[in-house]
Amino acid sequence: MLFQCTDAIVTLASVNIENLVVFYTKLLGFEPATLIPNVYAEFQLPGLKLGIFKPKQTNSSEFENSVRSKMSLCLEVSDLENAIAHLSLLGYPPPGEIIVASHGKEIYAYDPDDNRLILHQSKN
């Protein structure tokens, strides 16, 4: 039996949810579409929703050792250098160099909770 998927939401768990919500608000340049203070925030991105939630105390151990997971939030940008400058102004400069690949340019960065971001600019 198949199921019908109607939407996609990537979620990030954070015990420091307010700090992460402020970071993504500044990074994206807009407020979350849904905000329940200190519980849940949801940003509407093109083609995807980004949710940030504070784990319940009973579930917090599940998220304690998730530093530098294999999952990344990849954000397509129109100007990679400008995006790097913006991220640096927020206090989170990418630690590495720009990678040039067959599909464009990209750089890895990290949010305040050490979730990996990939800023990617396609070839024009």
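The values are calculated or read from the model by the stated rules, or taken from the named source; none is laboratory data. Model, not experiment: these values are computed from the prediction. For neighbour counting, all protein chains shown are included, and Cβ atoms are generated from backbone atoms with ideal geometry for every residue, glycine included. Each accessible area value is taken on the protein alone, full model and side chains, heavy atoms only, with ligands, DNA and RNA left out. Shrake-Rupley method; radii C 1.70, N 1.55, O 1.52, S 1.80 Å.
Within the range 75-121, the set of residues being surrounded by fewer than 13 Cβ atoms within 10 Å (Cβ to Cβ) and closer than 20 Å to residue 10 by Cβ comprises 114 only.
Can you name the residue in the range 22-41 that is open to solvent by less than 30 Å² (accessible area, probe 1.4 Å) and under 12 Å from the mean Cα position of the chain (by Cα) and, of all such residues, is farthest from residue 114 (Cα to Cα)? Break it down into steps so the answer makes sense when it comes.
Looking only at the range 22-41, we keep the residues that are open to solvent by less than 30 Å² (accessible area, probe 1.4 Å), and these are 23-25, 27, 32, 41.
Within this subset, residues satisfying the condition of being under 12 Å from the mean Cα position of the chain (by Cα) are 23-25, 27.
Details: 23: 12, 24: 13, 25: 17, 27: 15 Å.
Only one residue fits best here, namely 25.
Taking residue 55 as the residue in question, decide whether it is in contact with a helix residue (DSSP H, G or I) (Cβ under 8 Å, 6 or more places away or on another chain), at pLDDT below 90 and surrounded by fewer than 16 Cβ atoms within 10 Å (Cβ to Cβ). Here the answer is yes, as residue 55 does meet what is asked. Of all residue pairs spaced 6 or more apart or on separate chains, those with beta-carbon atoms under 8 Å, a first member in the range 7-26 that is free of Cβ contacts under 8 Å to residues at least 60 places away in the same chain and a second member that is assigned to a helix (DSSP H, G or I) and open to solvent by less than 40 Å² (accessible area, probe 1.4 Å) are 15/60.
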